[in-house]
Amino acid sequence: MPTEFFEPSADGPTAEAYGELYVAFEHFNRAMFDAQLPPCLITLQRRKGTYGYFSKGRFVRRGTGDMVDEIALNPAYFASQTIKNTLSTLVHEQVHQWQRHFGSFSRRGYHNKEWADKMESIGLIPSDTGKPGGRKTGQQMDHYIEPGGVFDLACDSLLTREFTLSWLDRFPAERLPVAPMPITAAPPAAPDALTPAPAPASTAYLGLGRAESVLALPTGEAVNRSNRVKYRCATCLTQVWGKPNLKLRCGIPMCRNAPFEECGAITQCP
């Protein structure tokens, strides 16, 4: 019996999610890198303790041997950050890609002065704490967005009614303390540069599935005498209390009238 093949859907969730990320990649490539960056393969990777990473020549095309770079983003943080912060991680990794192709690459994972200068030139200020005053070079580096800088303005021009990041992890990363990830000599297949989630001194996260973070109520569950329940916006995670069975939508512009989910009377929203 012959094998039946199906044409992939051009408008399914996979095409939509990855298509949006590549639209952003190309937008920032033109706006900040003079369209110099070569094509790459963007992936979603739940790598604990990191927002994303870059790896040069990580993928090879079967049959031709053509290689492309990988930029990975951690979807566990999409719902716990603004879209602009998520896109700043993408551009952070694009700077690593720029340096690997056009600059002077230091030892694996190290963020040198050339990388820091390029980051500052596009309005992403390197900082090991993710805040002003942090070290600008080192093995593990975060960044913060310069208000009114090149990235900030380029991102504003992208974030119109026609563009967003449509798909979010329903159970995003929790705010939990995480020990700094030690970086040792890595094998050739390891990512060139990790963008770690902040260490305990700042806002730290650890990606957990819902089943791992559920706190069960003891036997003899408490009774809700207040006749109120908690609701949470599915996009920005804003929480409100109200009467049961309300149909609420979020008024924050980035949420686009996203519905509030009912979390329950006694338990906290996950």
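Numbers for the structure displayed
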read-out	value
Selection from the range 161-188 of residues that are modelled with pLDDT under 85, surrounded by 12 or more Cβ atoms within 10 Å (Cβ to Cβ) and part of a loop (DSSP other than H, G, I, E, B)	F171, P172, A173, L176, V178, P180, M181, I183, A186
Leading residue by the ranking (modelled with the lowest pLDDT) among those in the range 101-124 that are in contact with a strand residue (DSSP E or B) (Cβ under 8 Å, 6 or more places away or on another chain) and surrounded by 18 or more Cβ atoms within 10 Å (Cβ to Cβ)	G109
Qualifying residue in the range 86-96 (condition: within 17 Å of Y53 (Cα to Cα), free of Cβ contacts under 8 Å to residues at least 24 places away in the same chain and crowded, with 16+ Cβ neighbours inside 10 Å)	no
Only one of K48, K84 that is under 30 Å from Q239 (Cα atoms), touching a Cys at 6+ places or on another chain (Cβ under 8 Å) and of a type outside the set (S, T, N, Q)	K84
Close pairs from the range 63-79: first free of Cβ contacts under 8 Å to residues at least 12 places away in the same chain, partner in a loop (DSSP other than H, G, I, E, B) and exposed (fewer than 12 other Cβ atoms within 10 Å of the Cβ), Cβ under 9 Å, at least 6 apart	M67/R61
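Matching residues to (1) of a type outside the set (K, R); (2) modelled with pLDDT under 50; (3) within 28 Å of A173 (Cβ to Cβ); (4) assigned to a loop (DSSP other than H, G, I, E, B):
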| site | (1), (2), (3), (4) |
| --- | --- |
| E212 | yes, yes, yes, no |
| L215 | yes, yes, yes, yes |
| V223 | yes, yes, no, yes |
| K230 | no, no, yes, no |
| V240 | yes, no, yes, no |
| G251 | yes, no, yes, yes |
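The values are calculated or read from the model by the stated rules, or taken from the named source; none is laboratory data. Computed from a prediction, not measured in an experiment: that's the story for all the values here. So basically every Cβ, Gly included, is an ideal-geometry build from the backbone, and we count neighbours across all protein chains shown.
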